[in-house]
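Just below is one structure, and these are the notes that go with it.
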Amino acid sequence: MDTFLNFIVASVLAATPLLFGTLGEILTEKSGHLNLGVEGMMFMGGVAGLAGTYYYEKAVGEPNALIAAVIGVVCAFLCAMLGALIYSFLTITLRANQNVTGLALTTFGTGFGNFFGEIMGTAAGGYVSVGTVIKAVFDEGIPVLQDIPIIGKLLFSYNFLVYIAVAMAIVLAYFLNKTRTGLNLRAVGESPATADAAGIPVTAYKYLATCIGGGICGLGGLYIVMNSANGTGGVWVHNSISGYGWLAVAIVIFATWSPVKALICSLVIGSLSVLPYYYQIPFIHSAIYEIFPYLATVAVLIMIIFRKKKNNLPPASLGLAYFREER
């Protein structure tokens, strides 16, 4: 029983950075823009969040856990949003190719994160690391409630970023399906010319969705860098994101552009990634388990391709530049 509970908790923790990346990309793609720079934005968010908490701790000596958490989240969100803003300017205003620009953002963001992470580490005398107070706020669950037998471990033993990710999925689903602004955004993604003719400010919707989506991706990078269970525990490690961004891009299709399904799909991939640590079949080499998340993603993508339901299809204008003059 304990092994199963630990497996569920580990699966949720492993799913959280994937969920952030998936939700950010869903919001972006709903505006009709395919941003393949999720990995780069997660790098930017991770290094910025670590830098914010680290320099705050250096400045005050004895950091307040709540303030440190807020600083980390804000720095990660804004820095990743900056990367998304660069992408937005190139693809929305200058109408550059979205695939190429997204790949360039991944390269830029990866270099950005590793460069500034190494700079901070060199200045700190070898490596940069936050103190125990800040580490605890990104690792510990809800006091008292997490001590309840079974239920406490299943529901209340996670750090605050896990609950933010789940809440964000629910809010995003409501926003896209139940609000006028969300429906306008979906209209922009389906047919920007029609939305423009109806008086919807297409450019503003595209910029906001892409930039906010990028900021959400950055929170996934913050989680990886700051969490000890599925990250580096407040220490910058070279190439620490290690492919999470690319998995998130695949999970968007896996979840058929649905924030609620993204919760389930991220949990499935997260559970497959931690499976060898809890349940291992003797005749299967441990290295084989590492490809399970990718195999599952590929299998689902193939199923979606053959089952071309309307609800499973991406926004109609995804990846296409909008030329208002041709409306």
Of the residues in the range 196-239, those that are among the small types (Gly, Ala, Ser), over 30 Å from residue 51 (Cβ atoms) and modelled with pLDDT of 95 or more number 1
* Do we find that residue 7 is of a type in the set (Phe, Trp, Tyr), touching a helix residue (DSSP H, G or I) at 6+ places or on another chain (Cβ under 9 Å) and farther than 22 Å from residue 167 by Cβ in this structure? -> yes
Per the filter on the range 267-288, residues surrounded by fewer than 17 Cβ atoms within 10 Å (Cβ to Cβ), part of a helix (DSSP H, G or I) and at pLDDT 80 or above are 277
Subset of the range 193-207, residues over 14 Å from residue 317 (Cβ atoms), out of contact with any Ser or Thr (no Cβ under 8 Å at 6 or more places or on another chain), part of a helix (DSSP H, G or I) and not aliphatic (A, V, I, L, M), comes to none
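Residues checked against (1) surrounded by 14 or more Cβ atoms within 10 Å (Cβ to Cβ); (2) among the hydroxyl-bearing types (Ser, Thr, Tyr); (3) over 13 Å from residue 226 (Cα atoms); (4) touching a residue at least 12 places away in the same chain (Cβ under 8 Å):
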position	(1), (2), (3), (4)
54	yes, yes, no, yes
60	no, no, yes, no
68	yes, no, no, yes
74	yes, no, yes, yes
78	yes, no, yes, yes
83	yes, no, yes, yes
87	yes, yes, yes, yes
90	yes, no, yes, no
95	no, no, yes, yes
So, first residue among the charged types (D, E, K, R) in the range 13-25, second residue outside any helix (DSSP H, G or I), Cβ within less than 8 Å, six or more apart or across chains; the pairs are 25/35
When restricted to 251, 264, 291, the only residue open to solvent by less than 50 Å² (accessible area, probe 1.4 Å) and under 30 Å from residue 113 (Cα atoms) is 251
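The values are calculated or read from the model by the stated rules, or taken from the named source; none is laboratory data. Values in this document were obtained by computation on a predicted structure and should not be read as measured data. Positions of Cβ are generated from backbone atoms using ideal geometry, with glycine treated the same way; all protein chains shown enter the neighbour counts. Surface accessibility is based on the protein's heavy atoms, side chains included, excluding ligands, DNA and RNA. Shrake-Rupley method; radii C 1.70, N 1.55, O 1.52, S 1.80 Å.
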